[in-house]
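The values are calculated or read from the model by the stated rules, or taken from the named source; none is laboratory data. It should be emphasised that the depicted structure is a prediction, and the values quoted were computed from it without experimental measurement. Heads up, the Cβs are rebuilt from the backbone with ideal geometry, glycines too, and the neighbour counts pull from every protein chain shown. Keep in mind that these areas ignore ligands, DNA and RNA; they rest on the heavy atoms of the full protein, side chains included. Shrake-Rupley method; radii C 1.70, N 1.55, O 1.52, S 1.80 Å.
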Amino acid sequence: MKITKQKGTKDIFFDEVKIWEYIEENIRQICKENNVSEIRTPVFEATELYARGVGNDTDIVNKEMYTFIDKGGRSITLRPELTAGVVRSYIENGMNSLASPLKFWYVANMYRYEKMQKGRYREFAQFGIEIFDSDSYLADVETIKISYELMKRLGLYDKVILSLNSIGCKECRDKYIKKFKEYLMPNLDNMCETCKVRFEKNPLRILDCKEEKCNKILENAPLITDNLCPDCKQDFENVKSALDKLNIDYKVDKKIVRGLDYYNKTVYEWTSKDLDLAVGGGGRYDGLVEILGGQSCPAVGFGIGMDRLVLLLTQYNLPKDIDNDIKLFIATTNESGYIEATKLSEILKDNKIVVDINITNKSLKSQTKYADKNNMNFIAFFGEDELNNNKIRIKNMKNANQVDFDISDLDGILKFIKEGNESNA
Ligand code: AMP
């Protein structure tokens, strides 16, 4: 029987993998420029970490986790998100004693047993940032700024919308939830089953409901943003005013509450303008370090879906300049050809030329076909004749110009390739 990939997973190769690499390179570069360091944590953790860190009443923990008992009888879960893992690592490695704030980034695969739809997979990747130990609103702004820089650099900034909200601190939220529940109570019978459950377990999430009958009831509901304590209100004003000064566009969406339990104060989401798709989201989570057993420490972060960025770039035919390397294929007929080609390739690679050398017993004709199919810009021939005469024949694949060079004439070879490449452009 044919073995196929699991539902919700995918193989990424050729053109698509280039888009992934392009995004990853930009992320790495932006994080380096902002002095954010990379963190890598395990793919699997104790189930308890997510039960406590993400929240028992969330969809992730309730329905979506890949959980199993390992051979030692431990309950293990494949990470459904990474914030809890990074916080666990922060606590376990005593990072609270280090100079702060600490700023981490990651690109990593996550696992959620979800219903499949466009852009929604069971294995997907997120780019995330987590910043520890700054209770200043400027840390919130910094995470938004970094995600903004990424959108700009990928050419996606005008294709996405940044929506902000504040869900306040525990005190104003508890007061608000009471008020919200009082408002909903008389209408509860007319709400969907999910909302009825959420009413008891996680009332804020009712604001996420897409059902028309619930939306009607929610139309006049009190909103958390209008019920913030003076401190939280000022904090939210500060975030907005800093974004205004940085010319980062946003809109306030008072219904954003985020799915995970641990957020407080500013929360935000990036969504696609044209596709009905969340691209990323984040916010402050000041209570999580303590919930997971560490000393209380403010923190803020975001997660952006890599698969969704790929989808958007593909949708808009971006980036335009992804594959602008100069590529040379060296055709050979025996081992000596391979060895000589490898020696020559060292200098070519130093000059940023991609070199692909024949490793088959195929004819020169079929090697030429391979070079053509692989979009090589140049093909060089190192057959027996050339080897015996210390020569190499190089051909420009686009205009069919070809020249025989002495193998020692490196300047001539490089000039032919560079000039040929410019005339091809
Ligand atoms: P979350 O961790 O649920 O807040 O999600 C943050 C971002 O990760 C979302 O905005 C999506 O871009 C992405 N994401 C979440 N779940 C999935 C999934 N199942 N498949 C692909 N991307 C996802």
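Structure data summary
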{"item": "Pro222 being within 30 Å of Asp140 (Cα to Cα) and over 31 Å from the mean Cα position of the chain (by Cα)", "result": "yes"}
{"item": "Some residue of segment 123-139 being within 15 Å of the chain's Cα centre (by Cα), assigned by TED's automatic domain parsing to the domain that holds Asp276 and of a type in the set (D, E, K, R)", "result": "yes"}
{"item": "Sole residue being modelled with pLDDT under 95 and of a type outside the set (Ser, Thr, Tyr), chosen from Asp325, Asp356", "result": "Asp325"}
{"item": "Failed item, numbered, when Glu149 is tested on (1) closer than 28 Å to Lys245 by Cβ; (2) surrounded by fewer than 18 Cβ atoms within 10 Å (Cβ to Cβ); (3) out of contact with any strand residue (DSSP E or B) (no Cβ under 9 Å at 6 or more places or on another chain)", "result": "(2)"}
{"item": "Failed item in (1) open to solvent by 20 Å² or more (accessible area, probe 1.4 Å); (2) within 16 Å of the ligand (Cβ to nearest atom), with Ile129 passing the rest", "result": "(1)"}
{"item": "Lone qualifier among Thr266, Thr225 - being closer than 28 Å to Asp158 by Cβ, of a type in the set (Ser, Thr, Tyr) and touching a helix residue (DSSP H, G or I) at 6+ places or on another chain (Cβ under 6 Å)", "result": "Thr266"}
{"item": "Contacts under 9 angstrom Cβ, first residue in segment 203-227 being exposed (fewer than 12 other Cβ atoms within 10 Å of the Cβ), partner part of a loop (DSSP other than H, G, I, E, B), 6 or more apart", "result": "Asp226/Lys254"}
{"item": "Extreme residue, surrounded by the most Cβ atoms within 10 Å (Cβ to Cβ), among residues of segment 104-114 that are assigned to a loop (DSSP other than H, G, I, E, B) and within 9 Å of the ligand (Cβ to nearest atom)", "result": "Arg112"}
{"item": "Strands (runs of 3 or more DSSP E) contained in segment 1-91 and holding at least 1 residues in the same structural domain as Val289 (by TED's automatic domain parsing) and open to solvent by 90 Å² or more (accessible area, probe 1.4 Å)", "result": "44-46, 66-69"}
{"item": "Matching entry among Gly287, Gly259, Gly282, Gly305 (being at pLDDT below 95, open to solvent by less than 30 Å² (accessible area, probe 1.4 Å) and either of a type in the set (Asp, Glu) or farther than 30 Å from Phe381 by Cα (or both))", "result": "Gly259"}
{"item": "Selection from segment 251-271 of residues that are part of a loop (DSSP other than H, G, I, E, B) and either away from the ligand (no atom under 16 Å from the Cβ) or of a type outside the set (Phe, Trp, Tyr) (or both)", "result": "Asp253, Lys254, Lys255, Ile256, Val257, Arg258, Gly259, Leu260, Asp261"}
{"item": "Contacts under 6 angstrom Cβ, first residue in segment 273-296 being more than 16 Å from the ligand (Cβ to nearest atom), partner in a loop (DSSP other than H, G, I, E, B), 6 or more apart", "result": "Asp286/Pro298; Val289/Cys297; Glu290/Ser296"}
